[in-house]
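> Structure in structure tokens, see below.
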């Protein structure tokens with residue numbers, strides 16, 4: 001499908017690795033002893049039936065959840081848990097399953113919020129909105145406008161995001177994540193609830209981000225066609241366990257996967 | 001008939017006969033309203049950013065003023081005392097974040113609300129312990145706040161403006177304008193609004209909730225200090241001030257819990273409504289309506305616009 005990608009896998013270093021991670025809520029075991037890695041520059045899909053632990057996995061990676069066991073190695077640094085701030089500062093950006101935008105703010109302000117960690121001027125200048133802080137604001141604004149152009153959302157930049165249709169909200173959310181200039185982008189069902197055209201647009205954006213910016217992407221998605229087209233490698237979860245890991249073709253042929261996921265009629 | 005005349009005609013005739021008195025009443029109401037607005041502003045800041053209705057806002061006003069006056073009474077020069085009080089409000093903000101908000105994160109709102117009750121009584125106790133519970137005089141002249149009044153001859157009479165009231169109006173306006181710009185246009189302001197909208201999204205872009213909470217509580221503390229100085233200069237500094245903070249409730253209902261302009265406009269409406277009501281309609285009810293009129297106005301308002309003047313409209317998609 002994507003020949004250059006295969007070469008990339010062979011050459012790619014590991015950007016993030018989770019080892020033997022387990023997570024439970026009370027008696028419910030959401031994740032059981034899962035290990036996998038994400039290599040620099042790849043698009044990694046995490047799939048599995050509902051309740052398989054996919055979103056929990058993303059929440060562990062960006063520090064929303066603290067796993068009871070296991071280790072996370074990101075950019076060569078190993079730790080027992082991520083903290084959300086460390087994850088963001090280290091270059092992990094994400095979007096959410098049901099869109100988590102700042103609803104009262106404009107699309108532009110939402111994406112500007114993604115620049116928070118890049119802006120460093122002190123409170124004093126901030127309060128006065130003067131001098132260096134003003135200059136800084138202008139510079140970041142320029143970067144954000146580039147993202148807005150890239151995602152073709154110029155027409156809605158001043159619109160309150162709460163009023164936008166769902167597909168555009170997802171795009172703004174992607175923009176906010178991109179504004180962080182992430183090394184690793186986590187996308188939780190980026191195409192959920194979209195029509196075919198919107199899905200095609202979103203797929204193109206994801207590929208562009210991966211190829212032009214070289215951003216590593218981990219995504220959860222239910223649309224198998226999309227997963228197989230986009231991703232370099234796929235990890236399959238079921239009931240909190242990892243049941244398969246490999247290229248889309250390998251995974252498609254895996255009997256466990258067929259049983260657990262693709263083959264079972266609902 | 002007579003009653004209707006007294007309600008609907010007589011007060012307006014009085015207003016027409018003595019426009020200087022009307023102006024005077026309006027001014028008094030405006031100044032009172034501004035101080036209500038400042039207290040409400042403290043509530044709004046904290047509510048917006050952390051979803052906590054901070055019952056302790058009223059006592060923070062007293063506590064800040066008391067600290068300032070108390071430090072000065074212990075021999076600290078006025079402006080050093082002012083600086084130290086700002087420092088105390090910062091320590092308070094950090095302590096609240098560490099000891100109250102952080103351990104209670106993700107708890108239901110009602111629990112955080114109750115925690116602010118606890119904070120209220122803690123601050124009352126601490127204030128009384130350190131500085132004593134007796135009413136004190138605000139160190140207005142030491143802080144170079146103006147004294148006396150300006151009389152404006154008009155309509156054959158005169159309107160008297162207390163200089164301290166004019167100073168209060170100027171300080172309040174500057175403060176509100178600064179906060180508005182800060183909220184709308186800066187990184188931290190944007191982060192504050194972001195936290196108000198969605199905690200998890202804010203976390204995901206690297207905004208630190210803890211830092212934001214310290215910032216809002218500190219800002220609310222500064223607003224409380226300014227309110228305390230101005231209110232203290234008009235009457236005196238005592239725990240009775242806390243009751244006045246309850247007037248911020250109708251202001252919030254009027255203005256909406258999440259809107260800064262709402263807090264200001266709401267404050268002014270309540271302040272002016274109260275004074276005009278008391279002066280022109282008060283005698284009809286045997287006076288003393290000032291103490292409940294604000295709540296009446298809020299109640300009527302609640303029937304027609306439950307989200308307040310500027311509050312976000314409550315729209316649920318089903």
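The values are calculated or read from the model by the stated rules, or taken from the named source; none is laboratory data. Since the model is a prediction, treat every value here as computed from it, not as a measurement. Cβ atoms come from the backbone with ideal geometry, glycine included; neighbour counts cover every protein chain shown.
Residue-wise test of (1) in contact with a helix residue (DSSP H, G or I) (Cβ under 8 Å, 6 or more places away or on another chain); (2) at pLDDT below 85.
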| position | (1), (2) |
| --- | --- |
| B:111 | no, no |
| B:119 | yes, no |
| B:127 | yes, no |
| B:136 | yes, yes |
| B:151 | no, yes |
| B:159 | yes, yes |
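> So, one more: Tell me which residues, restricted to the stretch B:201-216, are more than 7 Å from chain A (Cβ to nearest Cβ) and surrounded by 23 or more Cβ atoms within 10 Å (Cβ to Cβ). Outline the logic, then answer.
Start the filter on the stretch B:201-216 by keeping residues that are more than 7 Å from chain A (Cβ to nearest Cβ), which leaves B:202, B:209-216.
Correct list: B:202, B:213, B:216.
> Yes or no: residue A:163 over 22 Å from the mean Cα position of the chain (by Cα), outside the structural domain of residue A:229 (by TED's automatic domain parsing) and at pLDDT 85 or above?
Details: over 22 Å from the mean Cα position of the chain (by Cα): yes; outside the structural domain of residue A:229 (by TED's automatic domain parsing): yes; at pLDDT 85 or above: yes.
Answer is yes for this residue.
> Next question, about the same structure. State whether the residues of the stretch A:32-53 include one that is over 30 Å from residue A:163 (Cα atoms) and assigned to a helix (DSSP H, G or I). Write out each step before concluding.
Start the filter on the stretch A:32-53 by keeping residues that are over 30 Å from residue A:163 (Cα atoms), which leaves A:32-49, A:51-53.
Add one more test, that the residue is assigned to a helix (DSSP H, G or I), and what stays is none.
Checking the stretch A:32-53: not a single residue is over 30 Å from residue A:163 (Cα atoms) and assigned to a helix (DSSP H, G or I).
> Please enumerate the residues belonging to the stretch A:103-119 that are assigned to a loop (DSSP other than H, G, I, E, B) and surrounded by fewer than 20 Cβ atoms within 10 Å (Cβ to Cβ). Write out each step before concluding.
From the stretch A:103-119, those assigned to a loop (DSSP other than H, G, I, E, B) are A:103-105, A:114-115, A:119; that's our starting set.
Matches in the stretch A:103-119: A:103, A:104, A:119.
> Next question, about the same structure. Any chance the stretch A:61-78 includes a residue that's assigned to a helix (DSSP H, G or I), under 19 Å from residue B:200 (Cα atoms) and at pLDDT 90 or above? Don't jump to the end; show me each part of the working.
In the first step, residues of the stretch A:61-78 are kept if they are assigned to a helix (DSSP H, G or I); the result is A:61.
Narrowing further to those that are under 19 Å from residue B:200 (Cα atoms): A:61.
Then keep just the ones that are at pLDDT 90 or above; that gives A:61.
Yes - at least one qualifying residue is present in the stretch A:61-78.
> Using beta carbons and a limit of 7 Å, which pairs, at least six apart or on different chains, have the first residue in the stretch A:82-95 and more than 9 Å from chain B (Cβ to nearest Cβ) and the second one at pLDDT 85 or above and assigned to a helix (DSSP H, G or I)?
So the pair list comes out as A:82/A:61.
> Let me ask something else about it. Failed condition for residue A:121, given (1) at pLDDT below 85; (2) at the interface with chain B (Cβ under 7 Å from one of its Cβ atoms), with all others met?
Here residue A:121 meets the rest and fails (2).
> Quick one: count up the residues across the stretch B:183-192 that are modelled with pLDDT of 80 or more and at the interface with another protein chain (Cβ under 9 Å from one of its Cβ atoms). Give the steps one after another, and end with the answer.
Step one: filter the stretch B:183-192 for residues modelled with pLDDT of 80 or more, giving B:188-192.
Now narrow it down to the ones that are at the interface with another protein chain (Cβ under 9 Å from one of its Cβ atoms): B:188-191.
Counting residues in the stretch B:183-192 that are modelled with pLDDT of 80 or more and at the interface with another protein chain (Cβ under 9 Å from one of its Cβ atoms) gives 4.
Quick grid of which residues meet (1) part of a helix (DSSP H, G or I); (2) closer than 30 Å to residue A:118 by Cβ; (3) away from chain A (no Cβ under 14 Å); (4) more than 20 Å from the chain's Cα centre (by Cα):
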{"residue": "B:143", "(1), (2), (3), (4)": "no, no, yes, yes"}
{"residue": "B:147", "(1), (2), (3), (4)": "no, no, yes, yes"}
{"residue": "B:150", "(1), (2), (3), (4)": "no, no, yes, yes"}
{"residue": "B:169", "(1), (2), (3), (4)": "yes, no, yes, no"}
{"residue": "B:173", "(1), (2), (3), (4)": "yes, no, yes, no"}
{"residue": "B:218", "(1), (2), (3), (4)": "yes, yes, no, no"}
{"residue": "B:231", "(1), (2), (3), (4)": "yes, no, yes, no"}
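> For the structure I just gave you, tell me whether residue B:198 is within 11 Å of chain A (Cβ to nearest Cβ) and surrounded by fewer than 20 Cβ atoms within 10 Å (Cβ to Cβ). Outline the logic, then answer.
Numbers: within 11 Å of chain A (Cβ to nearest Cβ): yes; surrounded by fewer than 20 Cβ atoms within 10 Å (Cβ to Cβ): yes.
Yes: the conditions hold for residue B:198.
Residues checked against (1) more than 10 Å from chain A (Cβ to nearest Cβ); (2) closer than 14 Å to residue B:38 by Cβ; (3) over 15 Å from the mean Cα position of the chain (by Cα); (4) at pLDDT below 85:
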| position | (1), (2), (3), (4) |
| --- | --- |
| B:194 | no, no, yes, no |
| B:225 | yes, yes, no, no |
| B:238 | yes, no, yes, yes |
| B:244 | yes, yes, no, yes |
| B:250 | yes, no, no, no |
| B:253 | yes, no, no, yes |
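> Next question. Does residue A:2 count as at pLDDT below 90 and over 27 Å from residue A:191 (Cα atoms)? First the steps, then the outcome.
Working: at pLDDT below 90: yes; over 27 Å from residue A:191 (Cα atoms): no.
No; evaluated as a whole, the condition is false for this residue.
> A further question follows. Please return the ranges of helices (runs of 4 or more DSSP H) entirely within the stretch B:1-104 where 2 or more residues are within 22 Å of the chain's Cα centre (by Cα) and touching a residue at least 12 places away in the same chain (Cβ under 8 Å). It would help to see each step written out before you state the result.
Details: elements: B:2-8, B:10-17, B:19-50, B:57-73, B:78-96.
In the stretch B:1-104, B:19-50, B:57-73, B:78-96 are the helices (runs of 4 or more DSSP H) which contain 2 or more residues that are within 22 Å of the chain's Cα centre (by Cα) and touching a residue at least 12 places away in the same chain (Cβ under 8 Å).
> Kindly establish whether residue A:176 is at the interface with chain B (Cβ under 9 Å from one of its Cβ atoms), modelled with pLDDT of 90 or more and part of a helix (DSSP H, G or I).
Details: at the interface with chain B (Cβ under 9 Å from one of its Cβ atoms): yes; modelled with pLDDT of 90 or more: yes; part of a helix (DSSP H, G or I): yes.
Here the answer is yes, as residue A:176 does meet what is asked.
> Could you list all residues from the stretch A:11-31 that are free of Cβ contacts under 8 Å to residues at least 24 places away in the same chain and in a strand (DSSP E or B)? Explain how you work it out, then say what you get.
Taking the stretch A:11-31 as the starting set, the residues that turn out to be free of Cβ contacts under 8 Å to residues at least 24 places away in the same chain are A:11, A:25-28.
Hits for the stretch A:11-31 are A:25, A:28.
Residue-wise test of (1) at the interface with chain B (Cβ under 10 Å from one of its Cβ atoms); (2) crowded, with 22+ Cβ neighbours inside 10 Å; (3) touching a helix residue (DSSP H, G or I) at 6+ places or on another chain (Cβ under 9 Å).
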| residue | (1), (2), (3) |
| --- | --- |
| A:54 | no, yes, no |
| A:72 | no, no, yes |
| A:98 | no, no, no |
| A:101 | yes, yes, yes |
